[in-house]
There are 2 protein chains.
Amino acid sequence: MNADTWLKEPLTEPIKQARTSDDGRSMAAGADAPRQNHLLSALPAEDWDRIRAHMELRPMPLGHVLYESGSTMRHVYFPTTSIVALLYVMADGASAEIAIVGNEGIVGISLFMGGETTPSRALVQSAGYAYRVPGNFLKEEFFRAGPLQRLLLRYTQALITQMAQTSVCNRHHSVEQQLCRWLLMSLDRLPSNELTMTQELIANMLGVRREGVTESAGKLQQLGLISYNRGHIVVLDRPALEAQACECYAVVKLEFDRLLPFLR
Amino acid sequence: MNADTWLKEPLTEPIKQARTSDDGRSMAAGADAPRQNHLLSALPAEDWDRIRAHMELRPMPLGHVLYESGSTMRHVYFPTTSIVALLYVMADGASAEIAIVGNEGIVGISLFMGGETTPSRALVQSAGYAYRVPGNFLKEEFFRAGPLQRLLLRYTQALITQMAQTSVCNRHHSVEQQLCRWLLMSLDRLPSNELTMTQELIANMLGVRREGVTESAGKLQQLGLISYNRGHIVVLDRPALEAQACECYAVVKLEFDRLLPFLR
DNA sequence: TGATCTGTGTACGATATTGCACACGGCGTC
DNA sequence: GACGCCGTGTGCAATATCGTACACAGATCA
């Protein structure tokens, strides 16, 4: 089963874990550290103590679908070592990523925003772990109108910025610029400078052809900014990658830092 | 002063009202009807009575900038007969609309979401009226955790859908399809089937060339779907226009209806 | 070891959009 | 009534991306 299939057909069960050199390490890290999610770690002890009992650390295999477009959400997820992509899939199968969520955020905001569902799909883009919390419980906690609510609202605001910036980026920037932005955003949500990610999957995320990604990635490799090999990308020169990216990356990053300064 | 200038330079004072045949009518309507904004009209009488004293009906001249990117928000706005566009302006002057807000919504969600500011600009896209409410007061009301909060959160969720769909639309659909979508979305927020809107301004909203809009609009006129003349657009065959638009329009509309069924 | 699959490289014409230049006609202004 | 501006129409070369087809090499599995 390949990336294409994940996008076009809903999955009910996780596919088998991709082989990567650091999966063992990151999984151990995910299982070890209880509050590796920045939103959770920003909670006052009092609130955290109330919530922790309802949380369950779960593995998030590559390609697993957390929510299908329009499906009812039963849980929300706080990623620790995993990265989740929110994407829209259109009637003709074309897709585009609207946001990336890692250990700085939460997947399932529409649960507390009041909608219960969204027209988007939530797909595990990088394997790892996430805390799972029952949706009803989180909703109760949210409407206590305490620190958790403020935190989640601020995060939602940051997410909105990310989505908006992605939108203008789609309109005005080249595939290469977007690839840089995307690599940096993913990198920010991972412990190392290594990504496990085929060009095909990246293409589906950016909503462009796979060949376009091949071409842009080849350019970046020639420039010595990255090196990649069969689904394994290593970022060699991050500052240069930032210079190559469009302003969109910096704008979103600044806004996240401004809205959620206590994270990281 | 033309549309281009609005986008690139901040405005401190409203520019003079555009001359249109129905401005007199729509202004009168705006001034007459006190609760013409759907969010406000959905409030229980009790909440409405508390809020109404703090509201002020204000004229919204075409091209007026409600918020500049990054500026502190002092008020929020509930449009009645006006339409406000939220748009991102990039470093090189290129712009793109990320959402449209009319009498179904509110401008200034980041005030209660916790950010106080956003990196976007709010620009009056169609002249009319709006209720203005002091930001601090609205924030207090929001954190009463009553019907207003639920309403605003649900609206925000709908707005997120609109932004996400705009994003994929930017990626995958032709200028003509997007023009159809944009006309329909604007039309939904106006009382008649007439828009006062130059092709230049539409181009800046969609983030495309003015000539591209000319070409697409010409096609739609030849097909008999619209007729336009110097900044005046009349929609002649709405069903056909919907058929010509991409799925994005319908998706967003459905989601608004689902999340805010009491409106309209 | 050989067969197959998966991820990547490359080439080609087709298409959509851009940037630029300029023409034209209506409308407001003086 | 003449002038100038604004909104629109049109044409053309340059560019980016797409759709398609196919080649190739490493990895997996029999």
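Read the figures in this text as sums done on the coordinates, not as results from a lab. Keep in mind the model is a prediction, meaning the values are calculated, not measured. So basically every Cβ, Gly included, is an ideal-geometry build from the backbone, and we count neighbours across all protein chains shown.
Where a ≥ b ≥ c are the square roots of the eigenvalues of the C-alpha gyration tensor, would you call region A:159-230 rounded, which needs a/c under 1.5, or, failing that, prolate if a/b is larger than b/c, or oblate? It is oblate, given that a/c is not under 1.5 and a/b is not larger than b/c.
State the three equivalent ellipsoid semi-axes of the protein assembly as shown, derived from the C-alpha gyration tensor as the square roots of 5 times its eigenvalues, in descending order and whole Å. Present the calculation step by step, with values, prior to reporting the outcome.
Numbers: eigenvalues 291, 159, 80 Å².
Here the semi-axes work out to 38, 28, 20 Å.
Mind checking which of A:G128, A:L151, A:H75 is farthest towards the positive end of chain A's charge dipole, using Cβ charges of +1 (Lys, Arg) and -1 (Asp, Glu) about the Cα centre? Looking along the dipole axis, the top candidate is A:L151. Taken over the C-alpha atoms, chain B has Rg and Dmax values of 17.6, 54 angstrom. Within the listed set B:Q222, B:Q162, B:Q125, the residue fluctuating most in the Gaussian network model of chain B (springs between alpha-carbon atoms under 10 angstrom) is B:Q222.
Give the calculated FRET efficiency between B:R209 and A:S71 to the nearest 0.05, with a Förster radius of 30 Å applied to their Cβ-Cβ distance. It comes out at approximately 0.15. Peptide B:147-153 is shielded by partner chain Cβ atoms: per residue, an average of 3 of them sit within 10 Å of its Cβ.
Taking max minus min of the alpha-carbon positions on each principal axis, region B:144-194 gives extents of 45, 30, 7 Å, largest first. Considering only B:V89, B:V65, B:V251, the mean-square fluctuation computed in a Gaussian network model of chain B, springs between alpha carbons under 10 angstrom, is largest for B:V251. Suppose we look only past 27 Å in the calculated P(r) of region B:95-235. What percent of the Cα-Cα pairs does that tail hold? When every Cα pair of region B:95-235 is considered, 29 percent fall beyond 27 Å.
Out of region A:212-263, which trypsin sites (Lys or Arg not before Pro) are coil in DSSP terms and have no more than 16 other C-beta atoms within 10 Å?
Numbers: sites: A:K219, A:R230, A:K253, A:R258; in loops: A:R230.
Listed in order of number, the matching sites are A:R230.
With label points set 7 Å from Cα along Cα→Cβ, the inter-copy distances at B:K253 are 4.2 nm, sorted shortest first.
Over all residues in A:89-100, what is the mean tally of Cβ atoms on other chains that come within 10 Å of each residue's Cβ?
Working: counts 1, 10, 4, 3, 0, 4, 3, 7, 4, 8, 3, 0.
That average works out to 4.
Starting from the label point of B:P134 at 7 Å along Cα→Cβ, the same points in the other copies fall at 4.4 nm, in ascending order. Between A:Y67 and A:A122, the built amide H atoms are under 5 Å apart, and every one of these is 5 or more places off in sequence or on another chain.
The ranking of A:T80, A:T117 by Cβ neighbour count inside 10 Å, starting from the fewest, reads A:T117, A:T80.
About the Cα centre of chain B, what is the dipole size in debye to 20, counting +1 per Lys and Arg Cβ and -1 per Asp and Glu Cβ, all else neutral? Spell out each step's value before the answer.
Values: 26 positive and 28 negative charges, 47 e Å.
The calculated dipole for chain B is roughly 220 debye.
Taking amide H atoms as placed 1.01 Å from N in the peptide plane, the amide H of A:A130 lies under 5 Å from those of A:R58, A:M60, A:T80, each 5 or more residues away in sequence or on another chain.
Order of A:C169, A:C246, A:C180 from fewest to most other C-beta atoms within 10 Å? Let's see the in-between values first.
Details: A:C169 28, A:C246 21, A:C180 25.
Least to most surrounded, the residues fall as A:C246, A:C180, A:C169.
Our Cα-only numbers for region A:93-140 put the radius of gyration and Dmax at 12.1, 37 Å.
When A:G231 is represented by a point 7 angstrom out along its Cα-to-C-beta vector, the spacings to that point in the other copies are 5.8 nm, nearest first.
Could you work out the relative contact order of chain B, using alpha carbon pairs under 8 angstrom and six or more residues apart, expressed as a whole percent?
Details: 459 pairs, mean separation 54.3, N = 264.
Here the relative contact order equals 21 percent.
Summarised in one figure, the compactness ratio Rg/Rh of region A:27-160, Cα atoms and Kirkwood Rh, is 0.95.
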